[in-house]
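Taken together, the values in this text are just the output of simple stated rules run on the coordinates, not laboratory data. From a predicted model like this one, the values you see are computed outputs, not experimental measurements. Methodologically, a virtual Cβ is constructed for each residue, glycine included, from the backbone with ideal geometry; neighbour enumeration extends over all protein chains shown.
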Protein chains: 2
Amino acid sequence: MREDMDLERVRELGQQLRVDAVRAADAAGSGHPTSSMSAADLMAVLLARHLRYDFDAPSNPCNDQFIFSKGHASPLLYAMFAAADAVPDEELLRFRRLGGRLEGHPTPRLPWVRLATGSLGQGLPYGVGAALAAKRLDHVPSRVWVLCGDSEMAEGSVWEAAEHASHEKLDNLTAVIDVNRLGQRGPTRHEWDTGAYARRLRAFGWHTVEIDGHDVAAIDAAYVEAARTTGRPTAVIARTLKGKGVSAVEDREGLHGKPLPDAEDAIVELGGRRHIRVEPRHPECVRSARPLDHAPVELPRFDVGDEVATRDAYGQALSALGTARGDVVALDGEVSDSTRSEFFAKAHPERFFECYIAEQQMVAAAVGMQTRGWVPFASTFAAFLTRAYDFVRMAAVSRANINLVGSHAGVAIGQDGPSQMGLEDLAAFRAVHRSTVLYPCDANQTARLVAAMADAAGIRYLRTTRGATPVIYPPDEEFPIGGSKVLRSSADDRVAIVAAGVTVHEALAAADRLAADGIAARVIDLYSVKPVDAVTLRAAAERTGRLITVEDHWPEGGIGDAVAAAFADGGPVPRLVRLAVRTMPASAAPAEQLRVAGIDADAIVAAARDLVA
Amino acid sequence: MREDMDLERVRELGQQLRVDAVRAADAAGSGHPTSSMSAADLMAVLLARHLRYDFDAPSNPCNDQFIFSKGHASPLLYAMFAAADAVPDEELLRFRRLGGRLEGHPTPRLPWVRLATGSLGQGLPYGVGAALAAKRLDHVPSRVWVLCGDSEMAEGSVWEAAEHASHEKLDNLTAVIDVNRLGQRGPTRHEWDTGAYARRLRAFGWHTVEIDGHDVAAIDAAYVEAARTTGRPTAVIARTLKGKGVSAVEDREGLHGKPLPDAEDAIVELGGRRHIRVEPRHPECVRSARPLDHAPVELPRFDVGDEVATRDAYGQALSALGTARGDVVALDGEVSDSTRSEFFAKAHPERFFECYIAEQQMVAAAVGMQTRGWVPFASTFAAFLTRAYDFVRMAAVSRANINLVGSHAGVAIGQDGPSQMGLEDLAAFRAVHRSTVLYPCDANQTARLVAAMADAAGIRYLRTTRGATPVIYPPDEEFPIGGSKVLRSSADDRVAIVAAGVTVHEALAAADRLAADGIAARVIDLYSVKPVDAVTLRAAAERTGRLITVEDHWPEGGIGDAVAAAFADGGPVPRLVRLAVRTMPASAAPAEQLRVAGIDADAIVAAARDLVA
């Protein structure tokens, strides 16, 4: 039977973590030892006496989760891993080196880091997602511990998380706030006023404990209190000293993010190296990842010629996917009646998460849930996903597997005007590492892509349309990611029109009119914007020498750029013309919008005639 | 002497606003009358008895500012404009029509709307910027009134604003929160618990007043209390009924964003049309826009051959600009020692605004300030500007003129790792309507571009580099926006290398090595990524037939896409190869990063040899 480490030894462990953080940063010549030293006692107590974690089985969903929101304090995290014998001392001294796992800010290059941090204010929202999954999906007694800095409490995303956590009664979530008074360039707004944080968090429905963050007994009691508190999350708000333990740096400004001036002296002042090893408590259960009870997916089937909005097809397909797969969950930003995730919510209420109007928390919750093996689909208007762009960016650094769905794409929404139009979403999502960007034009295509994206890796984005569009594909047509569909084609093609989503239908109408004029035009449905089907585009270029892209998006970063990039291989490039939204839209009917933007059939016909002339 | 309208008549005015909102939405066949009806009494009292505003002089900085954060309630706003005789009744009935000014969500197509809304949670952060400018820059008794919905209180940006407003003691700011209990798809998190909002806001340092939002006397008293409260902002938290006054829709779910089922009946129930006209109080002073005391700018001058970080040049140039121009202000997200805006902060502390780690509020404050004629420069790490992407998107809808500066671009930052690297910023900012995107490679170029961007229109983005780079341009060289510099050129050029920022120096080294091998390579410094210098690129293409782009950015949306887009005019296109960051970086030294990413001189030489072979 494992006994908890006594508090005197825990105090020594805190000093060891400081020493090792100082050594790591000194070896690297950069890093954040002072931000590590303030939280060392907080983390020593957690690791030695409270965390339930099996370093040999990091994917056991019964493990506690442990999120370093103040990611710049990575030397402290790595010192903890060293104390747990997970990282050898020689690796600690290769901190921040090329080819190493110990990056400047933690990433999943280490198996015990499931969530990359370093963009402040993200750890607590991720923790909410993880705690929700533990409680409502996995039903395990796993606790989620998040180490927050005091500076990052200024981020709005922290308060989205605070609200969500108390609303969901996440008593398995503990925030440990390291109030060391100093931000990067000077004092924080509230300095050592721990009461300022406590008042705010209590008003948001949290239980709070204010302590001296260097008193190991007080820390221990606070964690016990957190674990005993039911019905609400707990924040342990700890007054600390940045650079604690070394007089040359303790509570001094101007030393953020710098190795200690004299590491040797500092180590002596800290009492020298120690070799304490910790085996954390093991989790209370062992569980494999959720059973993969995948039945065949019975996707909705739509009749060719009917008019169906792709957002409707999305909602129905997602619901069907949820029926076939127990690992699919859905989240929405209080617009499920618009995105149509309501179909899923009604069929699978236990796996639907209402995130209210808090898109950062919504995406973060999805990222947190996928660390436990769940397959999240998070939806809101495409325009409002821009609110969470930093979270999407960081999700890629976390190697997260999430599905994001943006409805109400482009000017085609009509009267609501530009604030509601997703016109930069393709650009934003294309520029995410290893992302997949899909933009269907009909209901059957949408349904197939929803099923396909669930099995893809990385950040998968699907763009849907508000209004109804004609069903042009039969229900059994297949749409591999990275493919495209050639909808009109002949040996006489003189121009190729590349479209996706609403503009596919305009392109087809344009091709018909051009054909009547004796101009054969190829039409390509580029439903996979990334990865893009370079083979089909190259073939069209070789046949026609002329490509027109047409998209309901700003000219930058979308389909025009994606098509041009397909030819950036040093080979010959066809003549290119792009039709896109070039003026700020206002309110108008959908068809008027396409006309005013110059992306309707008329505009395509005119551009094609010019290009072949 | 103007007398305030009596409360009985104000009550009638509230009914008139409801009737007109119902009529506008009915004529349009869409819109949000029920969300307008809940706030009608709140706005009637404001317009008739508290707002100080001259509709004939909307740019007088002494005017109160009036921000409709719940932008979907635009029919109410337009009904107010009609009551003030600013919008004729026939225009009200052209709501949401093509070519009209009364868009689905308010935009500056109307002269009395300075800030577009419709993405929720933005009005209060804008209001903070406007109130800060009124108080600390304009020194006028102008008040800022923000109408918020209850749903949008879930957005973290609202709490960034709450924190900032109380920290800055903005007693000239009043938030009016319309707690109508119903969001888009159902009840809000707190429904009618006005105390939940009050507790949170009080904990954040606000004065709060909870009232019945349909009791005009209580509303009036609350606004008087708000105006009398000193040292802190006030929130008037009003319990209301969505659809108030019409039994068919009052407090009913499922009616969000829909015209009333029977407008005629509703108007009868509301007591019929009224023709009350309101002249709001005039402001207490009349002021022209700030004096344009522009002295010639004495930019810093750097010696060719020295090594200077462009972020240092930015800070020094901004400070010099602030000395020459009294209208320039700076904001930073608690990283002024990194972005180097600290140069400005030290020289012009009265025009520097510390926004702490709250990038949404920082950008919103800049947007709010420019409504009063100030020229803001807001800076943080390029990576963290992604946090505010929705605010940047909406700033473009607002036709805002702001400067945003992102430091620590690309893998070139070195050891800190991917969380701190701006690798999608060019894509994000290129895809903003009417944006300017600049990326200097040396200190003198940076200084010139800082001065140039201050005079440009729209969203101007400057990308700076962490490490020092050689000064290659003399201090008097000019760099027009939309231009480029040809750094190596001959009649024998067989390939052109297009670079910007750090990769310019790699391109020059590569060209030297290629020249030694007998391959003449043109080098183009594409410092203006948007607008892009298509003429110079076309000339290089005509001479060489082969272009290589090389950028410290993901392959999507940046320089490669910008160069390809320059050839999307239907003309012949050169062969293109792009070098960009294609794998997820980790920690490493800056030079190692460029090598691993394949964007250093070696990679350029190899690509050029391949392409000319």
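Binning all Cα-Cα separations of chain B at 10 Å, short to long from zero, yields these whole-percent fractions: 3, 17, 24, 20, 16, 12, 6, 2, 0.
Computed on the range B:249-370, with alpha-carbon pairs under 8 angstrom and 6+ residues apart, the relative contact order is 18 percent. Entry for the range A:307-470 at q = 0.08, 0.09 Å⁻¹: log10 I(q)/I(0) = -0.18, -0.24, Debye formula applied to identical alpha-carbon scatterers, no solvent contribution.
Starting from the label point of B:Gly571 at 7 Å along Cα→Cβ, the same points in the other copies fall at 2.5 nm, in ascending order.
Residues in the range A:81-93 carry Karplus couplings, in order, of 5, 5, 5, 8, 6, 8, 10, x, 4, 5, 5, 4, 7 Hz; the curve used is 6.51 cos²θ - 1.76 cosθ + 1.60 with θ = phi - 60°, and Gly or Pro positions show x. Computed extension gain for A:Glu3 through A:Ala613, at 0.36 nm per residue and net of the alpha carbon distance, reaches 211.2 nm.
Closest approach to the axis carrying B onto A, counted by Cβ on chain B and given in whole Å with its residue, is B:Gly156, 1.
Across the identical copies, the label point of A:Cys285 (7 Å from Cα in the Cβ direction) is separated from its matches by 6.7 nm, in order from shortest. Taking only Cα atoms, what is the 0 to 90° angle, nearest 10, from helix B:534-544's long axis to the longest principal axis of chain B? Approximately 30 degrees, to the nearest ten. At full extension, A:Asp89 and A:Ala324 could sit 79.9 nm farther apart than now, given 0.36 nm per residue minus the alpha carbon distance.
With 26 Å as the limit, the listed pairs A:Lys70/A:Lys169; A:Lys485/B:Lys258; B:Lys70/B:Lys258; B:Lys346/B:Lys485; B:Lys485/B:Lys530 have A:Lys485/B:Lys258; B:Lys346/B:Lys485 beyond it between alpha carbons. Taken residue by residue and averaged, Cβ atoms of other chains lying within 10 Å of the Cβ of B:68-75 number 1. The mean sequence separation of alpha-carbon pairs under 8 Å and at least six residues apart, normalised by the residue count of the range B:307-470, gives a relative contact order of 29 percent.
Would you please classify the overall shape of the range A:485-612 from the alpha carbon gyration tensor, given that a ≥ b ≥ c denote the square roots of the eigenvalues, rounded means a/c under 1.5, and beyond that prolate means a/b larger than b/c while oblate covers the rest?
Oblate shape, in that a/c is at least 1.5 and b/c is the bigger or equal ratio.
Compared with the dominant Cα axis of chain A, that is its longest principal axis, helix A:502-516 is turned about 20°.
Computed over Cα pairs, the Kirkwood radius of the range B:1-93 leads via Stokes-Einstein (1.306 mPa s, 10 °C) to a diffusion coefficient of 117 µm² per second. When the square roots of the Cα gyration tensor eigenvalues are ordered a ≥ b ≥ c, the ratio a/c for the range B:52-151 is 1.5 or more and a/b does not exceed b/c, which makes its shape oblate.
Taking all Cα pairs closer than 8 Å and separated by 6 or more residues, the relative contact order of chain B comes to 12 percent. Qualifying GluC sites (Glu not before Pro) in the range B:465-558, where qualification requires a DSSP coil assignment and no more than 11 other C-beta atoms within 10 Å, comprise B:Glu478. For the range A:68-144 versus the range A:40-56, the inter-centroid distance based on Cα atoms is 13 Å.
Please state the shape class of the protein assembly as shown: rounded when a/c is under 1.5, otherwise prolate if a/b exceeds b/c and oblate if not, all from the C-alpha gyration tensor. Note, shape of the protein assembly as shown comes out rounded.
Determine the shielding of peptide A:187-193 by partner chains: average, over its residues, the number of Cβ atoms on other chains within 10 angstrom of each Cβ. Before the final figure, lay out the partial values.
Working: counts 0, 3, 9, 3, 0, 0, 0.
What the average comes to for A:187-193 is 2.
Starting from the Cα of B:Lys346, step 7 Å toward the Cβ, then list every residue of the range B:440-462 with an amide N under 14 Å from that point. Output list for this probe position: empty.
Taking label positions 7 Å along the Cα-Cβ direction at both B:Glu253 and A:Glu225, the computed distance is 3.9 nm, reported to one decimal.
Taking the longest Cα principal axis of chain B as reference, the axis of helix B:310-324 is set at about 50 degrees.
Around B:Ala28, under 15 Å between beta carbons, what's the net of Lys plus Arg minus Asp minus Glu among the other residues? Local net charge: -2.
Amide H contacts for B:Phe381 (H built 1.01 Å from N in the peptide plane; partners 5 or more residues away or on another chain; cut-off under 5 Å): B:Ser407.
Per-residue ellipticity at 222 nm from helix content only, as computed over chain A with -39500 (n - 2.57) for each DSSP H run of at least four residues, stands at -10500 deg cm²/dmol. Using a Debye calculation, one point per C-alpha and no hydration shell, please list log10 I(q)/I(0) for the range B:281-335 at q = 0.14, 0.24 Å⁻¹ in order. With one equal scatterer per Cα and no solvent, log10 I(q)/I(0) is -0.56, -0.99.
Please report the net charge: other residues with Cβ closer than 12 Å to the Cβ of B:Thr229, K and R +1, D and E -1. Please report the intermediate quantities before stating the final value.
Details: positive: B:Arg143, B:Lys169, B:Arg228, B:Arg232; negative: B:Asp171, B:Glu225.
Net charge around B:Thr229: +2.
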